[in-house]
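One structure is given below, encoded as structure tokens.
The values are calculated or read from the model by the stated rules, or taken from the named source; none is laboratory data. Predicted model, so just to flag it, every value in this text is computed and none were measured. Every residue, glycine among them, receives a Cβ derived from its backbone with ideal geometry; neighbour counts consider all protein chains shown.
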Amino acid sequence: MNAMSIIATVLTAIYPLLVYFGLNRFEPQVMAVLLAFAALLRWRGGQKALSGLGWEGYAALAVPMSLAIATGIGNKEITLKLYPVAVNVTLLVTFGATLFSKESMVERIARMRSKDRHLNDEEVLYTRRVTEIWCAFFAVNGAISAWTAMRTSREIWAFYNGFLVYIVIATIFSVEWLCRRRLISKKDREKLEPK
């Protein structure tokens, strides 16, 4: 991961907190510049990886840029607050679309990380299940993000989208990692068993 990707990832992660504190001092139009800047950094820094994912990867630029433009024109806080919703919808569509193709998104990512490694049928099924779990998360999280953007205070929106959701994501990653370790250890045991 290069420097631009790291900066963009950090800006995206703390985006709700930047919006929360920024809107106390600046107009939404000014904050829209930050959103556009983060989107361009992410696109430039991750161009190679994004192109490897196909059209889905380029949505990472189109979605925030569209919201930044809408905020620049309308100067409305709500368009800034809808960014987490748009991210979840985009991820739901991109991950969900791969469930109707030969390779699920998680399988595609696994193959990109280790191109020389063959995935067996059990691993392919596992990656499909993990993709389905992420799709469910994106759907639920997108709905909660929309509710916080439209029905709650700026403080609750920032707390959920800038803090609480990361605890949920870390929990999902941890559980998935434990399940993957168990799958791998099971395969190792099977290799050692006499035929």
- Criterion violated by Met150 - all others in (1) surrounded by 14 or more Cβ atoms within 10 Å (Cβ to Cβ); (2) touching a Lys or Arg at 6+ places or on another chain (Cβ under 9 Å); (3) among the aliphatic types (A, V, I, L, M) satisfied: (1)
- Query: out of contact with any strand residue (DSSP E or B) (no Cβ under 8 Å at 6 or more places or on another chain) and farther than 25 Å from Gly162 by Cβ - does that describe any residue in region 75-85?
  - Reply: no
- Message: I need a count of the residues in region 74-109 that are surrounded by fewer than 16 Cβ atoms within 10 Å (Cβ to Cβ) and either in a helix (DSSP H, G or I) or among the aromatic types (Phe, Trp, Tyr) (or both).
- Response: 5
- Item | All positions within region 110-128 that are surrounded by 16 or more Cβ atoms within 10 Å (Cβ to Cβ) and either under 13 Å from the mean Cα position of the chain (by Cα) or at pLDDT 90 or above (or both) | Tyr126, Thr127, Arg128
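If only one of Val19, Val63 is modelled with pLDDT of 90 or more and not acidic (Asp, Glu), which one is it?
Details: Val63 fails: modelled with pLDDT of 90 or more.
The match here is Val19.
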